[in-house]
1. Tell me the trypsin sites (Lys or Arg not before Pro) within the range 81-175 that lie in a loop according to DSSP and have at most 10 other beta-carbon atoms within 10 Å.
2. Kindly report the accessible area of the chain per residue (heavy atoms of protein chains, probe 1.4 Å, no ligands, DNA or RNA), in Å².
3. State, as an integer percentage, the relative contact order of the range 1-114 based on alpha-carbon contacts under 8 Å between residues 6 or more apart.
4. Taking Cα pairs under 8 Å and at least six residues apart, what relative contact order does the range 60-142 come out at, in percent?
5. By how many nm would the segment from residue 27 to residue 161 lengthen if fully extended, with 0.36 nm per residue of separation less the alpha-carbon distance?
6. Take the alpha-carbon centre of the range 13-92, take the same for the range 225-259, and report the distance between them in whole Å.
7. I'd like the isolated cysteines in the chain, meaning no second cysteine's beta-carbon lies under 4.7 angstrom from theirs.
8. Spelling out what I want: for every residue of the range 134-146, take phi, set θ = phi - 60°, compute 6.51 cos²θ - 1.76 cosθ + 1.60 (Karplus), and round to whole Hz; glycine and proline get x.
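The values are calculated or read from the model by the stated rules, or taken from the named source; none is laboratory data. No experiment lies behind these values; they were computed from the predicted model shown. So basically every Cβ, Gly included, is an ideal-geometry build from the backbone, and we count neighbours across all protein chains shown. To get the accessible areas, we keep the full protein, side chains included, count just its heavy atoms, and leave off ligands, DNA and RNA. Shrake-Rupley method; radii C 1.70, N 1.55, O 1.52, S 1.80 Å.
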Amino acid sequence: MERVNETVVREFIFLSFSSAARLQQLLFVIFLLLYLFTLGINAIIISTIVLDRALHIPMYFFLAILSCSEICYTFVIVPKMLVDLLAQRKTISFLGCAIQMFSFLFLGCSHSFLLAVMGYDRYVAICNPLRYSVLMGHGMCMGLVAAACACGFTVAQIITSLVFHLPFYSSNQLHHFFCDISPVLRLASHHNHFSQIVIFMLCTLVLAIPLLLILVSYVHIISAILQFPSTLGRYKAYSTCVSHLIIVTVHYGCASFIYLRPQSNFSSSQDALISVSYTIITPLFNPMIYSLRNKEFKSALCRIVRRTISLS
């Protein structure tokens, strides 16, 4: 009887940038430029890997998949955020919010498992170089990517279902710029503690399992590198792993800060700031770190550019 006069939430209102109303146009320009640059750099990486046969090896196949993931990941969040920066009323429908959360979680979780796959690829390349082409054949690479996507899809489906099966009445003001787990959960009228525990455990597993696999891979990698007789060989082996380790550190550091803190420690302004770096800046730097530190990729890009100029 207490809910007779309460209204079921049919849309959410984003409030993240409402306190910076005078800066919204400036933020729009900055975020738009970053977004376009992210799309451009990822498109260049994918095109270079596809067009240059020297890069048709597992390491670059996974890098191309990572770049595709970054493009889709930003597309789920950034265009809507850019529109909202210029809009008077920043809203999203209940169904749209659920779709956005599912897509974001699917791509984010798949990204975590993909980083573990890339760690395994480095482990096989350094610890079993003679069997690399056999162990990392085309079928194996496709299977690992499919497994990463399947894990991401399953986790995203479970979490999204648990969140949006909660009752939402009256309050629809979302203190964020997209439909992330914690901001939406705060608006639920009644919290199901079992659902919250399951969500927290899934977030923990999605971060802990791939990270553990990466750590195990690098323990074996480092022990193998230390046995290399040549200093130059050790340097080359380390250089192929550093880029991956940088991305792993940034990804798991930001994700752990957002999703593994106690609920009482959450701050809307902190979350929004970290999420901006997590959804806009990180997808820009991840492919750049991989490509700019890689001489083989830069040589392939130069060949593609020269070939394009000569044809024109």
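1. Taking the range 81-175 and a limit of 10 other Cβ atoms within 10 Å, the loop trypsin sites (Lys or Arg not before Pro) found are 89.
2. Working: 15970 Å² over 312 residues.
Per residue, the chain has an accessible area of 51 Å².
3. Reported relative contact order: 40 percent.
4. Taking the mean separation of contacting Cα pairs over the length of the range 60-142, I get 33 percent.
5. Result for the pair: 45.0 nm of gain on full extension.
6. Cα centroid to Cα centroid, the span is 25 Å.
7. Flagged as lacking a Cys partner: 68, 72, 109, 127, 141, 149, 151, 203, 241, 254, 302.
8. Ordered by residue, 3J(HN,Hα) equals 7, 5, 10, x, 4, x, 5, 4, 5, x, 5, 5, 4 Hz.
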